[in-house]
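Some notes on the structure that comes next.
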Amino acid sequence: MAITAAMVKELREMSGAGMMDCKKALTETDGDMDKAIEYLRKNGLAKAAKKAGRIAAEGMVAVNISADNKVASIVEVNSETDFVAKNDVFRTFVEEVAAQAATTSATDVETLLTEEWKAEAGMTVSEKLAAMIAKIGENMNIRRFLKVTAEDGIIVSYIHAGGKIGVLVKARTDSNSDGVKECLKNVAMQVAAMSPKYVSTDEVSEDYKKQEMEVLIANAKNDPKNANKPENILEKIVAGQLNKELKEVCLLEQEYVKAENKETVAKYVESVAKAEGCDLVVTEFIRFETGEGLEKKNEDFAAEVAAQMGN
């Protein structure tokens, strides 16, 4: 069968592959469009495998929330370079992964990858990821995701710096008003900025407090300024230090960053609940920061371009 320019154009639009690759795929499959797409996928998988060893520590965090604010997902997808992380094709893919995660029953990435890709029938999430790697030309990785539901409340999100940080805040409430949602978005911004570890001191285990007290007491005893202070005074000093530490790591006890009167986040939420005439209790938050805990390449952009030119 003669391969026409229109056929190549159609396959290119369907697959996102290069023009010459599409022409070769159609030639190899005698113009059969379905077989040509399969040919490209297999070729894409081969290319993806070569890139799988590269460090992917840049990328983007995205969220997806249902219209009633009852179901939400948050995902992190990594790329090798910040340049690709800002690419519209990559960003659309990450948003589609977030949509997939919002409807999944999977609880881990490995299971998610085996599911059918909901944004495009006929392939799995893993196959779509491989096709994206082949299309964009560098390694990519769906690193993590979480799905959250709020049967007795709502979930609100905040994305910082175009996806560098993503936050979900879940609250128990009987209101879905704009005032309540604005409050929770402000709380999500607090989480993004201050990176707390717990919602409140109620979540902190007694074992953690005891361990921290032991460390603080040992440090206090080693401080020459405390040489002549009795044990009960040292314990009071250390208790104050522990309380201060807990206020820094517990969201509701933190000083609300947007407040002018140095009120805590808890007091801010209480004031909004009173103004809105509703119950409002923050029960959970999730904070993803792109690349946290991952090794990153120590290359500047000029060196990267030079390396590519060398290849």
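Each row is one residue, and each column tells you yes or no for (1) over 19 Å from Met60 (Cβ atoms); (2) in contact with a helix residue (DSSP H, G or I) (Cβ under 8 Å, 6 or more places away or on another chain).
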site	(1), (2)
Ala102	no, no
Ser105	yes, no
Thr111	yes, no
Glu120	yes, yes
Ala131	no, yes
Ile142	no, yes
Phe145	no, yes
Residue hits (segment 75-90; of a type in the set (Ser, Thr, Tyr) and either under 23 Å from Lys147 (Cα atoms) or buried (at least 23 other Cβ atoms within 10 Å of the Cβ) (or both)) are Ser79
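Residue by residue, here is whether (1) open to solvent by less than 60 Å² (accessible area, probe 1.4 Å); (2) in contact with a Cys (Cβ under 7 Å, 6 or more places away or on another chain); (3) of a type in the set (Val, Ile, Thr) holds:
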| position | (1), (2), (3) |
| --- | --- |
| Thr114 | no, no, yes |
| Ser126 | yes, no, no |
| Lys135 | no, no, no |
| Thr149 | no, no, yes |
| Ile159 | no, no, yes |
| Lys170 | yes, no, no |
| Thr173 | yes, yes, yes |
| Ala192 | yes, no, no |
Requiring at least 2 residues that are free of Cβ contacts under 8 Å to residues at least 40 places away in the same chain and touching a Gly at 6+ places or on another chain (Cβ under 9 Å), the strands (runs of 3 or more DSSP E) wholly within segment 113-224 are 153-160
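Quick grid of which residues meet (1) over 30 Å from Asp178 (Cβ atoms); (2) at pLDDT 95 or above:
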| position | (1), (2) |
| --- | --- |
| Asp68 | no, yes |
| Val75 | no, yes |
| Ala98 | no, yes |
| Ala106 | yes, yes |
| Trp117 | yes, yes |
| Gly137 | yes, no |
| Thr149 | no, yes |
Counting only residues in segment 188-206 that are under 23 Å from the mean Cα position of the chain (by Cα) and among the β-branched types (Val, Ile, Thr), the one nearest to Gly166 (Cα to Cα) is identified as Val191
_Filter result for Leu294 (assigned to a helix (DSSP H, G or I), surrounded by 14 or more Cβ atoms within 10 Å (Cβ to Cβ) and in contact (Cβ under 8 Å) with a residue 12 or more places away in the chain)_ = no
Of the conditions (1) open to solvent by 50 Å² or more (accessible area, probe 1.4 Å); (2) part of a helix (DSSP H, G or I); (3) modelled with pLDDT under 90, the single one that Gly53 does not satisfy is (2)
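The values are calculated or read from the model by the stated rules, or taken from the named source; none is laboratory data. Owing to the predicted nature of the structure, the values given are computational and were not obtained by experimental measurement. Heads up, the Cβs are rebuilt from the backbone with ideal geometry, glycines too, and the neighbour counts pull from every protein chain shown. The accessibility values were calculated without ligands, DNA or RNA, using every heavy atom of the protein model including side chains. Shrake-Rupley method; radii C 1.70, N 1.55, O 1.52, S 1.80 Å.
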